[in-house]
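What follows draws every value from the coordinates through simple rules; no lab data is involved. Everything numeric in this text was worked out from a predicted model, so none of it was measured. Every residue, glycine as well, gets a Cβ built from its backbone with ideal geometry; the counts of neighbours run over all protein chains shown.
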Amino acid sequence: MRLAQRLGRATTSPVDGDRGAFVADSRDDMVSIARRLHQKILDRLDLAKLSQMPVEQLRGRLRATVEQLVAAEGLAMAESERLALADQIVDELVGHGPLEPLLNDPTVSDVLVNGHDRVYVERNGKLELTDVRFRDERHLIHTIQRMVARVGRRIDESSPMVDARLPDGSRVNAIIPPLALDGASLSIRRFGNKQLTGPDLVRAGAMSETMLRYLHAAVRSRCSILVAGGTGAGKTTLLNLLSGYIAKDERIITIEDAAELRLAQPHVVRLESRPPNLEGKGEVTIRDLVKNALRMRPDRIVVGEVRGGEVLDMLQAMNTGHEGSMATIHANSATDAMNRLMTMLGMTGSALTEQTMATMIARAVHVVVHLSRMQDGARRITEIAEVVGLAGTEVQLNTVFRYERSGFHSDGRMIGRHVQVADTTLHDRFRAAGLANGQTSGEIRR
C-alpha cells in the first residue's frame, strides 16, 4: 500500500488549528490531491539520496516541491491550504504522520494514542483530547512501525509490543492487536531540551530551598538514594538533577532501559539494555548491565529504574564500595518503596532470608525521596525519609520532610507547603564530607 493511501482525512492541525485546517466539504478532494502529489514526488525525487540530508533541509526541499506541483497543476488553493497540504505530505514522508505537530509542540509532555481516532496529550500535568486522527487502524499501525524501525526496533503480530527511544530522547511504548483489544495503543513520553535545575524545581513548588540543600548535601556526602513515585511523577527529572551534583572527578555508570539521563560530568559511561532480536536471542537486561558495571571500576552507579533481579546486584554494589549510587523505583510512598525492594529481592531466586534481605536494604540505602503527581497536575516531592535501622525484618524510616496539603484554590490548584518534621540523622555523614558548616547543617535543622 502506497504511503499516500494512508494519509488521514482529518485536519492537519492537531490542536486549535495550528496549521490551517482544510474545510470539511473539501476534505475528500484534499486527500485525493495529496495522493496524486505524493506519487509525483516519488517520481520526481530520489528520496533515498534526500534521506541523507539534515531533516530541516529535507523538509524545505519537499515543501518547495509540493508548492511547485500545486502551481504546475493549476490547483485553486489558498496559501494556508497549500502549506497545510505540504506539511501533511512531508510529515508522512519523513516525520511521524499526524503526530508530527504534537511532537514539535514544546508544551506537550506526553502523547497518548488509544486507537486511530483518539489522541490525547498531556500539558502541565493535565490530559487533553486533541482533534488529531489517523485515517484508520492500518494508518496508525504503519506510523508506529515506521517510528520504531528508525531506531532499530520492530512491531508486528508476532512481536506486538515494543519499547524504544527516539533520536530526540523521547521514550516510546507501543502495543498492537492481538494484545491490544481495541486497536493499537501508542505512548510517547517527551523530554524537554532544557534540563531543569534545582532552583527551577523550587520555583515550580516541587520542593523547598531547604530540601534542595539537603539533597545536595546527601549526594555530595555519598548517600545512596532511592527515588520513588508513580508513573509520570517526575522521578527521572529528579534523578537527573541529583546525578548532576556528583563531583566531576568521579566515574559514573548510568544504566537504563531507554536512555533518558543527561549528565554533564566528563567521566560518564552510558549503558542501555537491549531486547531480544527476531530469533529471540541477544537480549541484554538491566541486571546484566549492573553486573557488568561492577567490572568497570565505577565510583557510582545510577540505574534508571529497578524492577527485577537487578535490585540484588544494585544493593550489593551499594554495600561494597559504591556508596552514593542511585536508582528509581515505582512505589506509592517511602515505606512502600522499602516493601517493594523486599518483594523484588524475594523474587530473585536467591536463598536469602527475610532478615538478611532487610539488613541488606537497611545498610545499602540512606535516603528515600518520594514524588507524586498531584490532582492539579503539579509534580512535587511529598516525602524525604532516611533509613535509620531495623525493627525485626521491617526497615525503619525517619521522615525529615513532608508535603502537607490544606485545600484547593478556586482554579483547582492545590494549597499546601513543604515542612520539615524531624531532624536529619545524617549530620555526622555531612560533617565527614566537609559539608556540615554553618550554612548546611544549620539550614536542615528545624
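What order do you get for TYR403, TYR245 when you list them from fewest to most C-beta neighbours inside 10 Å?
Listed from fewest to most nearby Cβ atoms, that is TYR245, TYR403.
For PHE401, PHE134, PHE408, PHE191, what ranking results if the residue with the fewest other Cβ atoms within 10 Å of its Cβ goes first? Let's see the in-between values first.
Details: PHE401 23, PHE134 28, PHE408 14, PHE191 18.
In order of increasing Cβ crowding within 10 Å: PHE408, PHE191, PHE401, PHE134.
With each run of n ≥ 4 DSSP H residues scored as -39500 (n - 2.57), what mean residue ellipticity at 222 nm is computed for the chain after dividing by its residue count and rounding to the nearest 500 deg cm²/dmol? Kindly include the intermediate steps, with their values, before the conclusion.
Details: 15 runs with 154 residues, N = 446.
Computed mean residue ellipticity for the chain: -10000 deg cm²/dmol.
Restricting things to Cα coordinates, could you compute the convex hull volume per residue of the range 95-192 in Å³?
Roughly 88 Å³ of hull volume per residue.
Toward the positive end of the charge dipole of the range 260-416, about the Cα centre and with charges on Cβ (Lys, Arg +1; Asp, Glu -1), which of ALA327, ALA362, ALA391 goes farthest?
Ranked along the dipole, the leading option is ALA327.
Return the percentage of antiparallel bridges among DSSP beta bridges fully within the chain, rounded to the nearest 5 %. The partial results should precede the final answer.
Details: 47 of 68 bridges.
Antiparallel bridges make up about 70 percent of those DSSP assigns within the chain.
Treating only the Cβ atoms of Lys and Arg (+1) and Asp and Glu (-1) as charged, compute the dipole magnitude of the chain about its Cα centre; round to the nearest 20 debye.
For the chain, the charge dipole is close to 920 debye.
In a GNM of the chain with a 10 Å cut-off on Cα contacts, which of PRO160, PRO54, PRO178 has the highest mean-square fluctuation?
PRO54
Give me SER159, SER109, SER221 ranked fewest to most by other Cβ atoms within 10 Å of their Cβ, as a rough exposure proxy.
SER159, SER109, SER221
State to the nearest 20 debye the size of the charge dipole of the range 246-286 about its Cα centre, where the only charges are +1 on K and R beta carbons and -1 on D and E beta carbons.
Charge dipole of the range 246-286: 160 debye, to the nearest 20.
Rounded, prolate or oblate: pick one for the range 198-443, where a ≥ b ≥ c are the square roots of the eigenvalues of its C-alpha gyration tensor, a/c under 1.5 means rounded, and failing that, prolate if a/b is larger than b/c, else oblate. Before the final figure, lay out the partial values.
Values: a/c = 1.44, a/b = 1.35, b/c = 1.07.
Because its axes are fairly even, with a/c under 1.5, the range 198-443 counts as rounded.
Provide the percentage of antiparallel DSSP beta bridges, counting only those with both residues in the range 198-443; round to the nearest 5.
50
Among the listed pairs LYS194/LYS235; LYS248/LYS291; LYS235/LYS281; LYS194/LYS281; LYS194/LYS248, which are separated by more than 26 Å between their Cα atoms?
Working: LYS194/LYS235 16 Å; LYS248/LYS291 24 Å; LYS235/LYS281 31 Å; LYS194/LYS281 37 Å; LYS194/LYS248 21 Å.
Checking Cα-Cα distances, LYS235/LYS281; LYS194/LYS281 exceed 26 Å.
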